[in-house]
Amino acid sequence: SMHRSAIARAAENLPLFPLPRVALLPHTLLPLNVFEGRYRALVADAMAGNRLIGVPMLQDGWEDCYAESPPIHPVFGLGRIVRHHGCADGRCEIVVQGLGRVRLVEEHQDGGLYRRAKVTLLDGGQGCTPITPPLRRTLSEMHMSVRQLTEDRPDVRADVERLIAADRDPAEQCDVLAHICVRSPCLRQEYIELEGVEARADFVLGVLTELRLEEGCCRGIDA
């Protein structure tokens, strides 16, 4: 994991890679195909430096002013480029690992090729999450739901058990489950805006409960 001081320094002048309908969650991987000139420049600069970038989600209506600086959601994922593959035509394929969440403080108006901003770190790099009794209850309900949802899937069972193992950080469990289960971009954005692991665990439990109800209805049994 990256040192907190390196992240704090990067937060003063973070390159932004805004995307439509994409929310980068901590503890997850995002593959991207980079072909636009400004973002090729961003990736080249990031690779020559600390590899850190912000991935904000563009707000609705971005199509009207995509070439300029369309409005972004102010809370978004901070990521590190962990894989980079350059193609002969100048495009590149990268994989970004979510490290934490940041909040926009102000965008720098320096007329550069790509957007940069000062951000404040909301989490990431702070070690283990303290487990309160309410969080412990939510986690155990979450685990029960995940096990029920995957009982007919021996192929994913081992992965699930690894994910919800007792020694896995609760924040990581919530983020990875949200990444797998929350498909709608606006709900993913809502998830990363939630303060605190308790709130995020409650959100994930709600999503899992809905999935179980849907599955029960599909099977024609009483959920």
Item to check | Tally of residues being β-branched (Val, Ile, Thr), assigned to a helix (DSSP H, G or I) and more than 16 Å from Gly206 (Cβ to Cβ) across segment 131-162 | outcome: 2
Checklist entry - If you check Leu149 against the conditions, is it touching a helix residue (DSSP H, G or I) at 6+ places or on another chain (Cβ under 8 Å), closer than 22 Å to Val75 by Cα, among the hydrophobic types (A, V, I, L, M, F, W, C) and surrounded by 13 or more Cβ atoms within 10 Å (Cβ to Cβ)? => result no
Checklist entry - Do we have Glu12 as in contact with a Lys or Arg (Cβ under 6 Å, 6 or more places away or on another chain) and open to solvent by 10 Å² or more (accessible area, probe 1.4 Å) here? => result yes
Checklist entry - Regarding Val119, is this residue over 22 Å from Val182 (Cβ atoms) and among the hydrophobic types (A, V, I, L, M, F, W, C)? => result yes
Checklist entry - Of all residues in segment 181-209, how many are charged (D, E, K, R), farther than 22 Å from Leu104 by Cα and not in a helix (DSSP H, G or I)? => result 1
Checklist entry - What number of residues within segment 182-193 are surrounded by fewer than 18 Cβ atoms within 10 Å (Cβ to Cβ) and free of Cβ contacts under 8 Å to residues at least 60 places away in the same chain? => result 5
Item to check | Criterion: surrounded by 10 or more Cβ atoms within 10 Å (Cβ to Cβ) and in a loop (DSSP other than H, G, I, E, B) - qualifying residue of Ala171, Ala178, Ala165 | outcome: Ala165
Checklist entry - Residues Pro154, Pro130: which one is under 30 Å from Ala10 (Cα atoms), open to solvent by 70 Å² or more (accessible area, probe 1.4 Å) and free of Cβ contacts under 8 Å to residues at least 40 places away in the same chain? => result Pro130
Checklist entry - Taking segment 70-108 only, how many residues are more than 20 Å from Arg200 (Cβ to Cβ) and outside any strand (DSSP E or B)? => result 7
Item to check | Number of positions in segment 15-56 that are open to solvent by less than 20 Å² (accessible area, probe 1.4 Å) and assigned to a strand (DSSP E or B) | outcome: 7
Checklist outcome for this item: Filtering segment 80-115 for residues that are of a type in the set (D, E, K, R) and open to solvent by less than 50 Å² (accessible area, probe 1.4 Å) leaves a count of 3
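The values are calculated or read from the model by the stated rules, or taken from the named source; none is laboratory data. Just so we're clear, the structure is a prediction, and the values are computed from it rather than from any experiment. Neighbour counts are summed over all protein chains in view; Cβ atoms, including those assigned to glycine, are modelled from backbone coordinates with ideal geometry. To get the accessible areas, we keep the full protein, side chains included, count just its heavy atoms, and leave off ligands, DNA and RNA. Shrake-Rupley method; radii C 1.70, N 1.55, O 1.52, S 1.80 Å.
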